[in-house]
Amino acid sequence: MKPIRSDTLSIEIEQASDLELVNLARDGDERAFEEILRRYSPKVFRVAGRFFHQQAAIEDAAQEAFLKAYTQLSSFEGRGSLEGWLGRITANQCINMLRSAKRRPESTVSDLTDRDDSWLDYQMSGDSTDRFQSSERGRDAADLAEKVLNELSPEDRLVVMSIDGEQVPVKDVAEMTGWSESKVKVRAFRARRRLREAVEKLLEHRRSPVHEKG
């Protein structure tokens, strides 16, 4: 029997199905898990990016998610997609990270700068919350959007960032979260309402006499 060349093994790994890769990785084949990383790192980073603004936090979440996935390979039975399974692990990891983080008191209001005020006033002219949510105009916009999104629960943040921010289909969000599609729609509706309330809170703060004196 001829020895199998390493380049042949690489080709076989790249052509393996997701379930085959999981089975190989479960048996200790490191190359199989490396292929899973190659295929689905972009997906995991995208999910983490819906929760965190800073690149370091995104990378930490992605790394922890893959570590959990590796230790939980035995629980993947192939009934759903590997992509969806990894997405759920990543979302749960990010939610746990946000829940365990210490929230700063009144961070959204106290950290609102004059530069933020000007941008917010412009974006919200005519009560256009949709324009505010979808705008990505530079660092000021990103920072302010982060402050408003921090007013949402981790679950609501995921729904808004996925459906409204990235136009992810409801069925894909349902697969990622493990919720029914009807539950995703209800959470999206409630999240948009809370987001609007957070924006109105910021606007009211900006117009208050105390803020004007500052």
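Return the residue satisfying two criteria in turn: it lies in region 155-201 and is farther than 19 Å from residue 87 by Cβ and of a type in the set (Val, Ile, Thr), and of such residues it is surrounded by the most Cβ atoms within 10 Å (Cβ to Cβ).
199
Go over the candidates 99, 104, 79, 88 one by one and state the one that is modelled with pLDDT of 50 or more and outside any helix (DSSP H, G or I).
79
So which residues in region 137-154 are surrounded by fewer than 16 Cβ atoms within 10 Å (Cβ to Cβ) and at pLDDT 75 or above, if there are any at all?
153
Residues being under 25 Å from the mean Cα position of the chain (by Cα) and of a type outside the set (A, V, I, L, M): count how many of those fall in region 12-71.
Count: 27.
Checking residue 186 against (1) within 14 Å of residue 50 (Cα to Cα); (2) at pLDDT 85 or above, which test does it fail?
Among (1) within 14 Å of residue 50 (Cα to Cα); (2) at pLDDT 85 or above, the lone unmet condition for residue 186 is (1).
Where the second residue is in a loop (DSSP other than H, G, I, E, B) and the first is more than 18 Å from residue 159 (Cβ to Cβ) and lies in region 30-51, which pairs have Cβ atoms under 8 Å and are six or more apart or on separate chains?
Filtered contacts from region 30-51: 32/16; 35/16.
Inside region 22-46, can you point out the residues that are surrounded by 18 or more Cβ atoms within 10 Å (Cβ to Cβ) and in contact with a Leu (Cβ under 8 Å, 6 or more places away or on another chain)?
22, 25, 32, 33, 35, 36, 40, 44
The values are calculated or read from the model by the stated rules, or taken from the named source; none is laboratory data. Please read all numbers here as calculations on a predicted model, not as lab measurements. Neighbour counts are summed over all protein chains in view; Cβ atoms, including those assigned to glycine, are modelled from backbone coordinates with ideal geometry.
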